[in-house]
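Novice: Attaching a single structure in structure tokens format; questions to follow.
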Amino acid sequence: MATTDGCSNGNGKAASVVVPEIKFTKLFINGEFVDAVSAKVRNVTCVCYDFNPAGKTFETRDPRTGDVLAHVAEGDKADVDLAVKAARDAFEHGKWPRMSGYERGRIMNKFADLVDQHTEELAALDGADAGKLLLLGKIIDIPSATQMLRYYAGAADKIHGEVLRVSGKYQGYTLKEPIGVVGVIIPWNFPTMMFFLKVSPALAAGCTIVVKPAEQTPLSALYYAHLAKLAGIPDGVINVVPGFGETAGAAISSHMDVDSVAFTGSTEIGRVIMESAARSNLKTVSLELGGKSPMIIFDDADVDMAVNLSRLAIFFNKGEICVAGSRVYVQEGIYDEFVKKSVEAARNWKVGDPFDASSNMGPQIDKVQFEKVLKYIEHGQSEGATLLTGGKPTGDKGYYIEPTIFTEVKEDMKIAQEEIFGPVMCLMKFKTVEEAIEKANCTRYGLAAGIVTKSLDIANRVSRSVRAGTVWVNCYFAFDPDAPFGGYKMSGFGRDQGMGAMDKYLQVKSVITALPDSPWY
């Protein structure tokens with residue numbers, strides 16, 4: 001790794017910035033790293049185009065400083081066409097769908113082993129590209145990703161249909177077959193986890209894949225493509241095409257030879273993908289979209305535990321997480337104590353260089369998201385909410401924002417209804433269980449919820465009443481590969497994780513055979 005001196009950390013102090021070595025910046029198509037087909041290069045600084053005979057590129061920037069990390073090959077429709085063709089050829093004529101599930105699982109386990117061997121390097125790539133904490137990358141993100149990969153490696157030889165009890169002189173059974181070429185479009189907040197959340201079950205099912213990583217964070221996905229090849233995954237099975245949503249993403253979702261699209265991102269873009277799928281070949285779509293998750297804290301809760309849990313729920317990963325507990329409802333009996341302790345806890349949440357092990361929170365992903373979060377904070381103040389702490393940028397370089405807490409928040413305020421995707425907590429008071437349930441459900445989203453109580457009756461009642469795909473009781477962010485994850489309402493449909501996630505990548509076929517001379521039916 002290289003070190004650059006004189007850059008500011010989130011506390012405004014001059015500090016050296018660790019920059020990892022970047023090995024892979026080209027498109028990965030059919031087992032090879034290649035330049036983009038087009039030679040036109042996007043220049044973000046002047047919003048113009050230059051020409052590069054080596055192929056079109058775009059800048060990926062370090063959110064700690066705003067400086068360019070690398071120039072990455074920019075795929076568009078022509079490149080997606082090549083990637084889809086490679087994936088189609090690998091599906092129709094290649095070994096991967098025709099291997100035994102055991103053999104696919106063996107290769108996937110080798111892939112996981114290789115990822116584990118490069119944990120330090122991969123965590124550094126996500127740290128520099130996404131502003132994620134290096135330490136948590138090494139102990140959470142990368143190990144969770146390989147756990148996911150191994151879970152589905154174990155599932156690869158357990159895909160089977162059913163024997164049917166059909167009436168008449170027939171034998172019936174079902175087959176589960178890979179759906180074909182899968183387009184995977186992933187966001188920037190968890191580059192590694194999102195890659196394996198989608199790719200792992202698709203691989204286990206026997207599909208071939210075209211991945212478009214977020215333009216903000218393409219680096220680790222390209223590294224994973226390299227490791228997949230080393231593991232023995234055949235050429236054309238995994239293709240990675242960095243690029244922009246309006247070009248590469250649109251080309252995938254509208255492609256006539258893509259059989260399914262799995263997307264995680266905003267509700268707005270989810271709508272666009274559904275429309276593209278409908279207008280093209282009616283490909284299947286699974287969407288994991290936005291959230292505005294409630295954290296409901298009852299009078300009988302341990303206040304210190306609740307404060308720490310709610311702080312984690314909103315400030316973890318700088319609030320850039322779809323299940324962030326951004327709406328915190330506290331019962332009136334402990335509200336004042338909770339507010340006082342939450343402000344103190346937020347002020348103790350250290351903002352700084354994500355490569356510093358003492359930092360609790362790094363920078364927002366880029367200038368666009370940085371300015372978006374600050375604009376929401378302005379909305380909160382202008383609409384009458386009370387800013388208790390935070391609300392300002394910190395440091396003289398990079399995209400750092402202080403942990404922010406509002407009180408006196410009304411349900412119809414923008415900060416209470418819209419996904420901010422930043423470190424902004426909205427604190428609200430309630431009296432009764434019924435009121436808490438009503439307020440929790442007062443949102444167009446339904447991705448997750450948290451409940452803090454010592455009462456089993458309250459926990460059971462509220463968890464069954466809140467319309468959300470995941471409910472955590474006396475915990476938060478308790479993810480596991482075996483626990484299905486997805487949303488209600490405008491948080492999307494389809495489930496990641498669990499054995500059921502493989503259904504997105506499988507077709508069910510019924511086979512009925514005549515048995516005219518069977519001795520029994």
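The values are calculated or read from the model by the stated rules, or taken from the named source; none is laboratory data. Worth saying up front: this structure is predicted, and the values here are computed from it rather than measured. Neighbour counts are summed over all protein chains in view; Cβ atoms, including those assigned to glycine, are modelled from backbone coordinates with ideal geometry. The area values use the complete protein model at the heavy-atom level, side chains included, leaving out ligands, DNA and RNA. Shrake-Rupley method; radii C 1.70, N 1.55, O 1.52, S 1.80 Å.
Novice: Here is a list: Thr119, Thr192, Thr174. Which entry is closer than 16 Å to Phe479 by Cα and of a type outside the set (Asp, Glu)?
Specialist: The conditions single out Thr192.
Novice: What is the residue count in the stretch 466-511 for residues that are assigned to a helix (DSSP H, G or I) and in contact (Cβ under 8 Å) with a residue 60 or more places away in the chain?
Specialist: Matching residues across the stretch 466-511 total 5.
Novice: Right, another one. Please state which one of Glu383, Glu408 is more than 21 Å from Lys318 (Cα to Cα), touching a Leu at 6+ places or on another chain (Cβ under 9 Å) and surrounded by fewer than 19 Cβ atoms within 10 Å (Cβ to Cβ).
Specialist: Glu408
Novice: Being in a loop (DSSP other than H, G, I, E, B) and either of a type in the set (Lys, Arg) or farther than 21 Å from Pro191 by Cβ (or both) narrows it down to one residue among Asp353, Asp300; which is it?
Specialist: Residue meeting the stated conditions: Asp300.
Novice: What pairs come up if the first residue lies in the stretch 77-90 and is under 15 Å from Val34 (Cβ atoms) and open to solvent by less than 60 Å² (accessible area, probe 1.4 Å), the second is of a type in the set (Val, Ile, Thr) and assigned to a helix (DSSP H, G or I), and their beta carbons are under 6 Å apart, counting only those six or more places apart or on different chains?
Specialist: Sorted first by the residue in the stretch 77-90, then by its partner, the pairs are Val80/Ile252.
Novice: A follow-up question, please. Can you find, within the stretch 26-42, the residue that is modelled with the lowest pLDDT among those that are more than 18 Å from Val210 (Cβ to Cβ) and open to solvent by 40 Å² or more (accessible area, probe 1.4 Å)?
Specialist: Residue satisfying both the conditions and the ranking: Arg42.
Novice: Just for the stretch 313-339: of the residues that are among the small types (Gly, Ala, Ser) and under 30 Å from the mean Cα position of the chain (by Cα), which one is nearest to Cys475 (Cα to Cα)?
Specialist: Out of the qualifying residues, it is Ala313.
Novice: May I pose another question? If you go through the stretch 254-271 one residue at a time, how many are in a loop (DSSP other than H, G, I, E, B) and under 17 Å from the mean Cα position of the chain (by Cα)?
Specialist: The number of residues fulfilling the criteria is 2.
Novice: Does the stretch 91-112 hold any residues that are open to solvent by 70 Å² or more (accessible area, probe 1.4 Å) and farther than 23 Å from Asp257 by Cβ, and which are they?
Specialist: Answer for the stretch 91-112, where residues must be open to solvent by 70 Å² or more (accessible area, probe 1.4 Å) and farther than 23 Å from Asp257 by Cβ: Tyr102, Arg106, Lys110.
Novice: Taking the condition over 25 Å from Val261 (Cβ atoms) and at pLDDT 95 or above, does Asp76 pass?
Specialist: When the stated conditions are applied, Asp76 does not pass them.
Novice: Shifting gears a bit: Taking the stretch 512-521 only, how many residues are part of a loop (DSSP other than H, G, I, E, B) and open to solvent by 70 Å² or more (accessible area, probe 1.4 Å)?
Specialist: Qualifying residue count for the region: 5.
Novice: Can you spot a residue in the stretch 318-329 that is within 16 Å of Ala440 (Cα to Cα) and part of a helix (DSSP H, G or I)?
Specialist: Within the stretch 318-329, not a single residue is within 16 Å of Ala440 (Cα to Cα) and part of a helix (DSSP H, G or I).
Novice: How many residues does the stretch 113-130 hold that are part of a helix (DSSP H, G or I), open to solvent by 10 Å² or more (accessible area, probe 1.4 Å) and not charged (D, E, K, R)?
Specialist: Of the residues in the stretch 113-130, 3 are part of a helix (DSSP H, G or I), open to solvent by 10 Å² or more (accessible area, probe 1.4 Å) and not charged (D, E, K, R).
Novice: Test of understanding: among Asp353, Asp396, Asp336, which residue is acidic (Asp, Glu) and either on the phi > 0 side of the Ramachandran plot or open to solvent by less than 60 Å² (accessible area, probe 1.4 Å) (or both)?
Specialist: Answer to the selection: Asp353.
Novice: Quick one: is Phe298 aromatic (Phe, Trp, Tyr), at negative phi and buried (at least 24 other Cβ atoms within 10 Å of the Cβ)?
Specialist: Taking the combined requirement at face value, the residue does not satisfy it.
Novice: Do we find a residue being closer than 24 Å to Lys392 by Cβ and buried (at least 23 other Cβ atoms within 10 Å of the Cβ) anywhere in the stretch 261-280?
Specialist: No, the stretch 261-280 has no match at all.
Novice: Could you identify the single residue in Ser342, Ser310 that is open to solvent by less than 10 Å² (accessible area, probe 1.4 Å), under 27 Å from the mean Cα position of the chain (by Cα) and assigned by the TED database to the domain that holds Gly446?
Specialist: Ser310
Novice: Restricting the first residue to the stretch 230-243 and requiring it to be of a type in the set (Gly, Ala, Ser), which pairs with a second residue that is open to solvent by less than 10 Å² (accessible area, probe 1.4 Å) and part of a loop (DSSP other than H, G, I, E, B) meet a Cβ separation below 6 Å and a spacing of at least six or different chains?
Specialist: Cβ pairs passing all conditions: Gly243/Glu74.
Novice: Give me the pairs, please: first residue somewhere in the stretch 381-394 and assigned to a helix (DSSP H, G or I), second residue anywhere and not basic (Lys, Arg), beta-carbon distance under 9 Å, and either six or more positions apart or on two chains.
Specialist: Gln381/Leu387; Gln381/Gly391; Gln381/Phe406
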